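Please read the structure below before turning to the comments.
The values are calculated or read from the model by the stated rules, or taken from the named source; none is laboratory data. Treat the numbers as computed from the prediction; the structure is a model and nothing was measured. Virtual Cβ from ideal backbone geometry, glycine too; neighbours counted across all protein chains shown.
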Amino acid sequence: MRRATNGGARFSRKHFLRMGGTGLAGAALLGSGALAGCGGGGAEGDDIVFSWGPDDTGVLPDLIKTFNNQSNGFKVRYREMPSDTGEYFDQLRTQFQAGASDIDVIGGDVIWPAQFAGNGYIADLSDRFTDSDQFLPGPMEAMRFEDGIFGVPWYTDAGLLYYRKDLLEKAGFSDPPETWEELIEQATKTQQDEGLPFGFVFQGGEYEGGVCNGLEYIWTHGGDVLDPNDPSRVIVESPESVAGLTTQRAMIEDRATTQAVLQYQEDESHGTFVRGDSVFLRNWPYVYALLSNPEESQIKPDQVGVASLPVQGGQSASALGGWNFFVNAASEKQDQAWEFIRWMTEPAQLKKNALEGSRLPVRRALYEDQEILDNVPVARLGKDVIIQNSRPRPVSPIYSDVSLEMAEKFNASLSGDMSPESAVATLQEDLSSLVRQAEEAAG
């Protein structure tokens, strides 16, 4: 077993990973009422309980109905969880810590596996998941923990650069920017030429979306936050990380955007772009579907291009998003749970989710499916962005704590309340402190 040192003390990396979240933020979630709002009772007989947030597209309930209609044995009961993923996560973690969850299959965020797996809450699916090589590498990387695979991807997301190709052409630019410096140049010139309020908008708020944006600046400058091979080793304090946050701050200083972006989340940023008020937008694949809806968008799909995020000394990298299936390690119905997961992740179901839900599929072969490419245009970028450039956020069992620190420091750097150098140095210290707390709690 590889061992790590931090602060002069030695501890087992596996031991550190397994306790993550129990002695830190997780302990604060055991208050009264935490099990409220989970909805419904347990399943009867061989039936299983499946949890997921609300699905406004209708695809998920329809697929469950189809599965139940053709099943000769057990049925699946859909337990709708909060739409706020933070609330959903908190409910699950509290139930696991109390040993009280009757959920068999969990629909969960891509950032959850390490913390749940590290505490033994979800099952290792390695022996069952024998065709994982047919899935995209980015989503699969996020499902791996230690030597196991603890989830099956269902759909994926990655940060993309949307741009007004009609306006860039008018401003004399033949191609979208390849570097962040070029983005600033193109954004400011085109904004001035067209008299638009914004050149570039993105998610700069102090929340998880802001974390994704900050990480992308750090990654595309060659930096990182935690060692991918050892999440107990903090590596954020580097010239590359400072350069990344400096470039992000330059978006405001060079007037490619304004201070308003400090509060922007997904809705505010995409709203600005689809109203025609910005030249560039960083956001997720769902935005492209909005362009075809005249009630949502004042610009049309043929006015918009989509590209990889720019680079500056590193390589293009997009924060990986997406949702996945996990099996409760305490479930007595893991065979049934696996049968349902396998059916849900077969090509036919993934294709339906793509065509009707505008969600990017996770099987490699579906990026060669012409019907998907014709009807889900963002999928055309699949090989360049989704497959090659997407990167999971730091895989750590204390990610919820790490994320809070990143959100605060990234926003402070962007606002100018902290210099990029101070933000990175403080983040190094604060994350190292979290690691030491985890180490102490592990004994």
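Comparison of Asp104, Asp166 shows that the only residue that is in contact with an Asp or Glu (Cβ under 9 Å, 6 or more places away or on another chain), among the acidic types (Asp, Glu) and crowded, with 21+ Cβ neighbours inside 10 Å is Asp104. Taken over region 320-356, the criterion of being among the small types (Gly, Ala, Ser), on the phi < 0 side of the Ramachandran plot and crowded, with 20+ Cβ neighbours inside 10 Å is satisfied by Gly321, Ser331, Ala337, Ala354.
Taking every residue in region 122-141 that is among the aromatic types (Phe, Trp, Tyr) and pairing it with any residue that is crowded, with 17+ Cβ neighbours inside 10 Å and not in a loop (DSSP other than H, G, I, E, B), at least 6 positions away or on another chain, the pairs with Cβ-Cβ distances below 7 Å are Phe129/Ile149; Phe129/Val152; Phe135/Pro153; Phe135/Arg363.
Scanning region 405-443 for residues that are closer than 21 Å to Gln265 by Cβ and part of a helix (DSSP H, G or I) gives Glu405, Met406, Ala407, Glu408, Lys409, Phe410, Asn411, Ala412, Ser413, Leu414, Ser415, Ala423.
For first residues located in region 179-202 and surrounded by fewer than 16 Cβ atoms within 10 Å (Cβ to Cβ), partners that are in a strand (DSSP E or B) and lie 6+ apart or on another chain with Cβ distances below 7 Å form the pairs Thr179/Val311. Among the residues of region 267-300, those identified as more than 19 Å from Ile372 (Cα to Cα) and either assigned to a helix (DSSP H, G or I) or among the basic types (Lys, Arg) (or both) are Asp267, Glu268, Ser269, His270, Gly271, Thr272, Phe273, Val274, Arg275, Arg282, Lys300. Being hydrophobic (A, V, I, L, M, F, W, C) and either under 13 Å from the mean Cα position of the chain (by Cα) or under 24 Å from Trp180 (Cβ atoms) (or both) is the filter; apply it to region 141-153 and report the residue that is surrounded by the most Cβ atoms within 10 Å (Cβ to Cβ). Residue satisfying both the conditions and the ranking: Ala142. The condition of being part of a loop (DSSP other than H, G, I, E, B), farther than 22 Å from Ile149 by Cβ and modelled with pLDDT under 90 holds for only one of Asp102, Asp56, that being Asp56.
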